[in-house]
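The next block holds one structure in the form of C-alpha cells; read it before the comments.
The values are calculated or read from the model by the stated rules, or taken from the named source; none is laboratory data. Everything numeric in this text was worked out from a predicted model, so none of it was measured. No Cβ is skipped: glycine too gets one built from the backbone with ideal geometry, and neighbour counts run over all protein chains shown.
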Amino acid sequence: MKTHLLVIGLVSLCLHSGAYALSPNQFTSLEYHVNTGVASTLPYAADQLTPDFTNAFSFITLEEELSIKLVTFIDTPNRDFNAKHINIRVRENVTTPRKSKITIKLRADNPQAFGELSGYKKAEVDYTEGNAAYSVSYDLPYSPNDIDIQHVNIATVFDIIKRNQAMWDIVSDIYNQHKQDLIQTVVMRTHGWDGFVKDKRFNDIEMEFQIWTPYYRKPRITFAEFSFKGSDGDKARLDEAYQYINQQVKAVGFDSSHQGSKTNSTFTITEAFNQ
C-alpha cells in the first residue's frame, strides 16, 4: 500500500506538470557508499588525517587537501516534505563558496514511481549496504552572503527556489500550507578528502572519505563513509569495486554509529523533529 500511494503521489505531481513516467535507463548516475567507524584513529571533527587512520585503512591513498562544507535540511516538525518523498538541503561550500547550493531531491523505491521531470540535475541510484535508492535532484546556486546557514531564513531559501519553476512546482503546495512551521535541522560540518584505492583493478576510480559531525558538537556523534561515483555503463566494474571496498572496510572492523542515509540520520539527531 505504501508503494502504491507513493506512485500515485509522484505520478500525480508529474501529471500536473504534463509529464510521463521516467524510464530506468534515465538513471545514469551511480553512487556507492560504505559506512565505517574511525575508532580512536581520528580526533573528533578531525581536519587532517593521522598516521593511525592511514595505517588502519591502508587499502586507500587519500590526498591531504581538505574540503569543508556545512549542511542543513528543511522540513516541518512532522516532516511533511518527507511524507511526499521530498528532501530540501542547503549546503554551504566553505572551501569554494561559489559552489554553495540549494538542492531539492525526490526519492522513490523504483524508477517507475517517478514522472519524466524536466530540468533536473541528475537521476541517480545510490547503493548502501547493497540496497538501491533512486532519486532525482535539482540544484540552484546561492551566495553564503544571502543565507546564514547556522540561522537559515526559510523565506529566503524559498525565494531562491522560486527562480526555478520546476523546483517551485515540486515544493509550492507544501510550502504554502506549512511555511509557518518550517525549521532546519542541526548544521552538519562535513570534512572530505579525495583519493584512490591502491588495487590496480580500481585505481582509476576517484574515491572520497567524509566525516560528518554536528557543527556545535551536540550531540557528539560522527557519520563516516567512503564513497565513489560512476556511470551505469560501467556498473559491473563499479559493483566489483564496491564489493572490494566494503570487504576492506569490514576487515578493519571499526563499529559505525551511522548506517544508511546521512540525511535521515541528521533528522534523527535533531530533537525538534518528531520521529
Among the residues of region 155-166, is any part of a helix (DSSP H, G or I), of a type outside the set (Lys, Arg), in contact with a Gly (Cβ under 8 Å, 6 or more places away or on another chain) and surrounded by 14 or more Cβ atoms within 10 Å (Cβ to Cβ)?
-> yes
Restricting region 234-275 to residues that are assigned to a loop (DSSP other than H, G, I, E, B) and free of Cβ contacts under 8 Å to residues at least 24 places away in the same chain, the one surrounded by the fewest Cβ atoms within 10 Å (Cβ to Cβ) turns out to be Gln275
When (1) of a type in the set (Phe, Trp, Tyr); (2) without any contact (Cβ under 8 Å) to a residue 60 or more places away in the chain; (3) under 25 Å from Ser257 (Cα atoms) are applied to Phe57, the one that fails is (2)
Out of (1) assigned to a strand (DSSP E or B); (2) touching a residue at least 24 places away in the same chain (Cβ under 8 Å), the one Ile147 does not meet is (1)
Only unsatisfied item for Gly253, checking (1) among the small types (Gly, Ala, Ser); (2) over 30 Å from Ile74 (Cα atoms); (3) at pLDDT 95 or above, is (3)
Among strands (runs of 3 or more DSSP E) entirely within region 1-102, at least 3 residues that are more than 23 Å from Thr190 (Cβ to Cβ) and at pLDDT below 90 occur in none
Given the conditions (1) farther than 18 Å from Asp75 by Cβ; (2) surrounded by 14 or more Cβ atoms within 10 Å (Cβ to Cβ); (3) under 18 Å from the mean Cα position of the chain (by Cα); (4) touching a residue at least 40 places away in the same chain (Cβ under 8 Å), every one holds for Ser231 apart from (2)
Residue set Asp146, Asp80, Asp139, Asp169; condition out of contact with any helix residue (DSSP H, G or I) (no Cβ under 8 Å at 6 or more places or on another chain) and acidic (Asp, Glu); output residue Asp139
TODO: For His151, indicate whether it is of a type outside the set (Asp, Glu) and crowded, with 20+ Cβ neighbours inside 10 Å.
DONE: no
Residue pairs qualifying under the 6 Å Cβ cut-off, at least six apart or on distinct chains, with the first in region 181-201 being closer than 30 Å to Thr61 by Cβ and the second being among the basic types (Lys, Arg), are Thr190/Lys69
(message) Any residue that is in contact with a Leu (Cβ under 8 Å, 6 or more places away or on another chain), at pLDDT 95 or above and of a type in the set (Asp, Glu) - is there at least one of those in region 187-197?
(response) yes
Pairs returned, first residue in region 150-174 that is closer than 23 Å to Asn93 by Cβ, second residue that is assigned to a helix (DSSP H, G or I) and not aliphatic (A, V, I, L, M), beta-carbon separation under 6 angstrom, 6 or more apart or interchain, are Phe158/Tyr175; Ile161/Trp168; Lys162/Trp168
Picked from region 46-75 (must be over 23 Å from Ile205 (Cα atoms) and within 19 Å of the chain's Cα centre (by Cα)), the residue surrounded by the most Cβ atoms within 10 Å (Cβ to Cβ) is Phe73
task = Could you tell me whether any residue of region 107-118 is under 30 Å from Val197 (Cβ atoms) and assigned to a strand (DSSP E or B)?
result = yes
| Could you say whether any residue in region 108-118 is at pLDDT 95 or above, closer than 16 Å to Ser29 by Cα and surrounded by 17 or more Cβ atoms within 10 Å (Cβ to Cβ)? | no
Going through region 204-250 in order, the residues found to be of a type in the set (Val, Ile, Thr) and either touching an Asp or Glu at 6+ places or on another chain (Cβ under 7 Å) or under 17 Å from Thr185 (Cα atoms) (or both) are Thr213, Ile221, Thr222
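Listed here are the residues, each with its yes/no results for (1) more than 21 Å from Phe254 (Cβ to Cβ); (2) aliphatic (A, V, I, L, M); (3) surrounded by fewer than 20 Cβ atoms within 10 Å (Cβ to Cβ).
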| residue | (1), (2), (3) |
| --- | --- |
| Ile174 | yes, yes, yes |
| His178 | yes, no, yes |
| Met188 | no, yes, no |
| Trp212 | no, no, no |
